[in-house]
Each structure stands twice: as structure tokens, then as C-alpha cells.
1. Spot the failing condition for Arg125; the list is (1) of a type in the set (Lys, Arg); (2) open to solvent by 20 Å² or more (accessible area, probe 1.4 Å); (3) near the ligand (Cβ under 10 Å from one of its atoms), and only one is missed.
2. State yes or no: is Arg135 open to solvent by 20 Å² or more (accessible area, probe 1.4 Å), more than 16 Å from the ligand (Cβ to nearest atom) and in a helix (DSSP H, G or I)?
3. What number of residues within the range 53-74 satisfy the criterion of being near the ligand (Cβ under 10 Å from one of its atoms), in contact with a helix residue (DSSP H, G or I) (Cβ under 7 Å, 6 or more places away or on another chain) and farther than 22 Å from Ala283 by Cβ?
4. If Phe101 passes every condition in (1) part of a helix (DSSP H, G or I); (2) in contact with a Phe, Trp or Tyr (Cβ under 8 Å, 6 or more places away or on another chain) but one, which one does it miss?
5. Take the conditions open to solvent by less than 60 Å² (accessible area, probe 1.4 Å) and within 11 Å of the ligand (Cβ to nearest atom) and apply them to Phe92. Does it pass?
6. Within the range 268-281, can one find any residue that is out of contact with any Leu (no Cβ under 8 Å at 6 or more places or on another chain) and either small (Gly, Ala, Ser) or open to solvent by 30 Å² or more (accessible area, probe 1.4 Å) (or both)?
7. Thr111 is checked against (1) farther than 16 Å from Ala175 by Cα; (2) modelled with pLDDT of 90 or more and fails just one. What number does that condition carry?
8. Name the residue, out of Ser59, Ser85, that is open to solvent by 10 Å² or more (accessible area, probe 1.4 Å), of a type in the set (Ser, Thr, Tyr) and part of a loop (DSSP other than H, G, I, E, B).
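The values are calculated or read from the model by the stated rules, or taken from the named source; none is laboratory data. In this text, all values refer to a predicted model and were calculated from it rather than measured experimentally. In this analysis, Cβ positions are derived from the backbone assuming ideal geometry, glycine residues included, and neighbour counts consider all displayed protein chains. For accessibility, only protein heavy atoms count, side chains too; no ligands or nucleic acids. Shrake-Rupley method; radii C 1.70, N 1.55, O 1.52, S 1.80 Å.
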Amino acid sequence: MSPRTSPERRRQPPADGRDRTGRRPAPRHAPNPAPDPELRADCGSCFALCCVALPFAPSADFAVGKDAGQPCGNLREDFRCGIHSRLRQEGFSGCTVFECFGAGQKVSQVTFGGRHWREDPRTARRMFEVFPVMRQLHEFLWYLSEALELPPARPLRRELRRALDEVGRLTRAGAGELADLDVPEVRRRVDELLLRTSELVRATAPGHRRGRRNHRRADLMGARLKGADLRGADLRGAYLIAADLRGADLRGADLIGADLRDADLRGADLTGSVFLTQPQVDAARGDARTALPRRLARPAHWRSAARGGS
Ligand code: SF4
């Protein structure tokens with residue numbers, strides 16, 4: 001799904017720990033602990049692109065819909081969300097799980113040199129066109145930088161480094177080149193490398209046996225997988241919506257693109273799983289016992305859910 005925005009991140013202070021009003025904001029979850037700051041959303045340096053450039057349709061995640069390029073009705077003049085503290089209650093839970101991987105500030109400050117769409121409406125259309133492209137490129141950077149850190153992927157390091165440099169170069173291209181970029185072709189090349197990385201990593205997962213546990217793009221919606229042994233499983237693109245994964249062992253599993261909305265991860269072990277992102281985790285349910293990969297933060301709503309007894 002598309003356009004969800006990250007209001008809590010929008011509330012994060014730019015640099016000095018304070019928001020634009022001078023008050024220290026209360027983040028809803030720990031900041032994205034991505035090792036590279038370029039891949040962390042810095043909403044204080046972004047012109048609320050996720051709240052404007054992306055469309056969304058009325059659904060369980062969004063109380064109302066809007067078209068791409070149209071500012072959300074809740075967006076204030078100062079680029080802040082007017083309902084930030086009660087997004088879930090107001091029916092905008094989709095906004096709480098969006099991650100731009102740092103694409104917003106890159107488009108705002110690098111591609112467009114700090115000119116925002118309210119000041120310069122002539123550039124607005126191009127800016128809104130470039131943002132989804134940049135968001136995908138930054139997501140590729142996230143995966144590639146993770147792959148580079150994985151010891152079993154050592155034989156691929158040179159290729160991974162080359163791909164990382166190439167995608168990084170694309171993110172610094174001009175607006176015209178970005179708008180015309182063949183993103184599916186970039187994705188194809190990156191995916192090929194990530195798949196080879198995944199095979200190397202999963203082959204070393206404890207309990208992994210070649211050929212077993214292939215659930216790629218499997219329909220596992222609502223599946224009863226409580227306590228399941230999914231070590232080293234291929235769950236690429238699997239539909240795990242509302243699946244019961246309580247206490248499941250997902251160490252070394254590949255979860256790239258898996259849909260974890262409302263999946264129950266309480267007590268599950270996801271340490272060493274690969275290509276899992278913060279939006280996937282934010283969309284799932286979990287608790288203090290859920291073990292996450294080092295790169296990811298524990299969502300704040302997991303704590304409030306535990307207090308509420310869910
Ligand atoms: S409700 Fe609108 S303004 Fe608020 S975070 Fe979501 S998209 Fe942005």
C-alpha cells in the first residue's frame with residue numbers, strides 16, 4: 001500500500017532534540033536505528049512529502065482518501081500533522097507505519113536544494129513525481145547496506161558494494177534523470193543480488209535444510225503458525241496478514257516484502273532474520289518478548305497494547 005506517512009517521525013526533532021515550537025516532542029517509538037543516518041527519516045528536513053506526494057484510499061488504514069500531489073487535509077501550514085497525537089484513534093494508522101528511509105530529506109534538500117513546494121509551485125509537480133522514485137532507491141540502499149553487513153554474504157561483497165555505490169549515485173541525480181529512471185530495471189538488478197545473499201544467509205541458519213520452508217509469496221493470511229520452526233525460511237513476499245506467529249522461530253528467515261499487517265509476533269524470535277524493515281514491524285503486533293533484528297526499533301504501540309492486555 002502506498003502512501004502512509006510517518007507523523008511520529010515528522011515530530012522528531014531535526015538536530016537539537018526540539019521541534020519547531022521549541023517543545024521536545026514525545027516520539028511514539030524509538031528512532032529508526034539505521035546505522036547510516038542517510039537512511040533514517042529526518043522529518044525536520046523534509047517538506048512533508050509523504051503527506052502530499054502520495055495518494056491513499058479510504059480503508060482500515062486511512063479514514064479518508066486523497067490524490068497524489070494533494071496535501072492531506074490534516075497537514076498544517078508548517079508541514080506538521082494536525083492530528084499527530086491521535087492518528088490511530090482518528091483512523092490514520094497507515095500514517096504510523098510509513099517509512100521513507102530518508103528519501104524525504106534527500107528530495108527536499110539535495111534534489112531540490114531546499115526549495116519547498118509551497119514556495120515554488122512550479123517545482124511541486126516534479127518534486128512529487130521524484131519522491132516515490134527516491135523512496136524506492138533508498139529502500140534498495142537499506143537492503144544493500146544490510147546485505148553488506150551479513151557475514152555469510154562475504155563472497156558477494158564486491159558486487160554488493162558496487163550496487164550500493166551505483167544506487168547511491170542515482171539518488172544524487174537531477175530531478176529529470178530521477179523522474180525518467182527505469183526503476184523496475186534497477187529493482188531487478190538489486191533483487192538478483194539480494195536473492196543470492198538470502199540463499200547464502202539461509203543456508204547457515206540453524207536447523208535449515210535446503211529446499212525446506214519455501215514459502216515465497218505464499219498465502220499465509222491468518223495461518224496458525226504458533227511456535228512454528230521457520231528458521232531459515234524463504235518468506236519473500238509472503239502474505240502473513242493476521243497470521244498467528246506467537247513464539248515462532250524466524251531466525252535466519254528472509255522476510256523481504258512479507259506482509260505482516262496484524263501478524264501476531266508476540267514472543268517470536270526474529271533475530272538474524274534478513275531484509276525485514278521498520279514498516280513491516282510497525283504494522284505487526286508484538287510485545288516485550290518479541291526478539292527483533294538489531295537494526296529495528298520496538299514499536300511504541302506494542303507497549304501500549306501490552307498495557308491494554310491485547
Ligand atoms: S494524517 Fe495526513 S498530515 Fe497527518 S501524518 Fe497522515 S498524511 Fe500526514
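1. Against the list (1) of a type in the set (Lys, Arg); (2) open to solvent by 20 Å² or more (accessible area, probe 1.4 Å); (3) near the ligand (Cβ under 10 Å from one of its atoms), Arg125 comes up short only on (3).
2. no
3. Of the residues in the range 53-74, 1 are near the ligand (Cβ under 10 Å from one of its atoms), in contact with a helix residue (DSSP H, G or I) (Cβ under 7 Å, 6 or more places away or on another chain) and farther than 22 Å from Ala283 by Cβ.
4. (1)
5. yes
6. Yes, some residue in the range 268-281 is out of contact with any Leu (no Cβ under 8 Å at 6 or more places or on another chain) and either small (Gly, Ala, Ser) or open to solvent by 30 Å² or more (accessible area, probe 1.4 Å) (or both).
7. (1)
8. Checking each option against the conditions leaves just Ser59.
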